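Asks: Questions regarding the structure given below will be posed in turn.
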Amino acid sequence: MSVATSIEDSNNICVSCSLDGSAILWDFRQPKPASVILDDASCSLTAVSWQNNNEVIIGTSWGTLKFLDVRNKLITSHPCYDRTIHRILPSNDRRFLAVGGDTHILKVFDVSSDSAVCVYEDTRHEDFIHGLAWHPKTQNLYSAGWDAKVLCHNSINQER
């Protein structure tokens, strides 16, 4: 369902997740490149992104964010929606995490500390939000929904 390259070594390391509930760390320098880092058949894994060199964030069909340290496989979970998460996107400075899915609500979390705190919600979309992008210079967040709208969220960094 989703794949993300490593921040540090994007040519050789990536992580993927699938509907069967498995997340796999891929290291193409190894003879056996695939290593299962999460196996939870009770829910589908639908989105993945790297938070830093050692942590990935996984979205589920239940609307939960799972924060996973790939070194020791420690997991913390954080409820986000009651529907499927389709897109997880850290800001350029990795302080914020934008989340979209099968809902009209855009959420942004401050992940600069040990816990994820929702710092921004926007309900202007009228349908699912599956597209997200952070502008590299202005740090504005853009969202695209099934309602044919692309919205700019420029107050996220200004309020914090």
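The values are calculated or read from the model by the stated rules, or taken from the named source; none is laboratory data. Quick caveat, the model's predicted, so the values are computed rather than measured. Methodologically, a virtual Cβ is constructed for each residue, glycine included, from the backbone with ideal geometry; neighbour enumeration extends over all protein chains shown. With ligands, DNA and RNA removed, areas are computed over all heavy atoms of the protein, side chains included. Shrake-Rupley method; radii C 1.70, N 1.55, O 1.52, S 1.80 Å.
Asks: Might you report the magnitude of the Cβ-based charge dipole of region 13-160 about its Cα centre, with Lys and Arg at +1 and Asp and Glu at -1, to the nearest 20 debye?
Replies: In debye, rounded to 20, region 13-160 gives about 440.
Asks: Enter the accessible area per residue of the chain (Å², integer; probe 1.4 Å; all protein chains in place). List each step's numbers first, then the result.
Replies: Details: 8090 Å² over 160 residues.
Result: 51 Å² per residue.
Asks: First compute the accessible area of the chain with a 1.4 Å probe, then give the percent of it belonging to carbon and sulfur atoms.
Replies: 49
Asks: What dipole magnitude, in Debye to the nearest 20, does region 65-124 give about its Cα centre under +1 on Lys/Arg Cβ and -1 on Asp/Glu Cβ?
Replies: Using Cβ point charges on Lys, Arg, Asp and Glu, region 65-124 gives about 220 debye.
Asks: A further question follows. Within 10 Å, count the other beta carbons around each residue, average over each peptide in 64-71, 15-22, and list them highest first.
Replies: Values: 64-71: 18.4, 15-22: 16.9.
Ranked from most to least packed, the peptides come out as 64-71, 15-22.
Asks: So what's the projected area for the chain, the Cα convex hull averaged over all directions, in nm²? Could you put the intermediate results ahead of the total?
Replies: Values: hull surface 37.0 nm².
Averaged projected area of the chain's Cα convex hull equals 9.2 nm².
Asks: Please work out how much length the chain gains when fully extended from E126 to N11, using 0.36 nm per residue of separation minus the C-alpha to C-alpha distance, in nm with one decimal.
Replies: 37.6 nm
Asks: Normalised by the residues of the chain, what does the relative contact order come to in percent, with Cα pairs under 8 Å and at least six apart?
Replies: Numbers: 412 pairs, mean separation 18.7, N = 160.
Once divided by the residue count of the chain, the mean separation gives 12 percent.
Asks: Of A133, C118, N92, whose Cα points farthest to the positive end of the dipole of the chain (charges on the beta-carbon: +1 Lys, Arg; -1 Asp, Glu; origin at the Cα centre)?
Replies: About the Cα centre, the residue reaching furthest to the positive side is N92.
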